[in-house]
Amino acid sequence: VDVNADSLALEVIEKVGIGRHYLAQKHTSDHVLSDQWRPALLDRGSREEWVKAGRKDMCELARERAKKILVSHEVEPLEKDVRKDMWEIVK
């Protein structure tokens, strides 16, 4: 998530004011679709889609994702200086 002057929209907040809505603002229409964060383990589809996908709950999805990570993740080697410093600490 980017945090900057545009994403914070402080000028829009000041312009619209407290207790009003932002739906008519150009900034809202420009950002409403692209600025949404969707958690990887939360299914926002319909119940029918969820049933077709096997009715997996968050725990099952998390377990599957963890297994994929464990199988596919490649650890980048540490730089020589970093390894040396770590061994000094371990000694």
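Bear in mind these aren't lab numbers, they're just calculated from the coordinates by the rules spelled out. Owing to the predicted nature of the structure, the values given are computational and were not obtained by experimental measurement. Cβ atoms come from the backbone with ideal geometry, glycine included; neighbour counts cover every protein chain shown.
For the reader, a short list of remarks on this structure follows.
- Hits among lysines - C-alpha to C-alpha of LYS67 under 28 Å, sequence gap 8 or more where chains match: LYS52, LYS56
- Label selected from (1) 3, 12, 19, 23, 17, 12, 8, 4, 2, 0; (2) 3, 14, 26, 26, 18, 10, 4, 0; (3) 2, 9, 11, 10, 9, 10, 11, 12, 11, 7, 5, 2, 0, the criterion being P(r) over Cα pairs in 5 Å bins from 0, in percent as computed here: (3)
- The trypsin sites (Lys or Arg not before Pro) of segment 1-70 meeting both criteria, a DSSP state outside H, G, I, E and B (loop) and at most 14 other C-beta atoms within 10 angstrom of the site's C-beta, are ARG20, ARG44, ARG55, LYS56.
- Helical runs (DSSP H, four residues minimum) scored at -39500 (n - 2.57) apiece and divided by the length of the chain put the mean residue ellipticity at 222 nm at -14500 deg cm²/dmol.
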